[in-house]
1. Between 0 and 90 degrees, rounded to the nearest ten: what's the tilt of helix 64-92 against the longest Cα principal axis of the chain?
2. Taking +1 at the Cβ of each Lys and Arg and -1 at the Cβ of each Asp and Glu, which of Trp84, Phe48, Gly13 sits farthest along the dipole of the chain towards its positive end, judged by Cα position relative to the Cα centre?
3. Only four residue types carry charge here, +1 at the Cβ of Lys and Arg and -1 at the Cβ of Asp and Glu. Report the dipole size of segment 2-99 about the Cα centre in Debye, rounded to the nearest 20.
4. Between (i) 40, 15, 12; (ii) 30, 15, 11; (iii) 21, 16, 12, which entry matches semi-axes √(5λ) of the Cα gyration tensor in Å as derived from the coordinates of this structure?
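Every number in this text was worked out from the coordinates using simple rules, so none of it is lab data. Just so we're clear, the structure is a prediction, and the values are computed from it rather than from any experiment. So basically every Cβ, Gly included, is an ideal-geometry build from the backbone, and we count neighbours across all protein chains shown.
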Amino acid sequence: MAEKTANNEKMMGALAYLLGPVTGIILLITEKNNQFVRFHAMQSTMIFGAILLFNMVLGIVPVLGWIIALILSPLVALVSFILWLVLMWKAYNGEKYKLPYVGDLAEKQLAKMK
């Protein structure tokens, strides 16, 4: 039974990254006890929310934002995709992988939410 619970925990941790901040927020709301899942949900919400916000701001800023977006968007998309895959893989393997700065920030936010 413990193995099934551990596998479920790993799957939920990986699912926290599936749709970025959407699944992160859903898991933060629904999962109240499992700190592994909550950490990955918070980290997902923070990092992919920041990337989404960055892209939205560049799209809104006239001319200069559009030029920067045209140049940076392919690079941001590639880095985001690789990051997405790595984070899901690490969570699925049961690793509490902390991104620099964002991982610590996620832990601090979770501590405030208790």
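1. Roughly 10 degrees between the two axes.
2. Working it through, the farthest residue towards the positive pole turns out to be Gly13.
3. On the way: 7 positive and 4 negative charges, 31 e Å.
For segment 2-99, the charge dipole is close to 140 debye.
4. Matching the structure shown: (ii).
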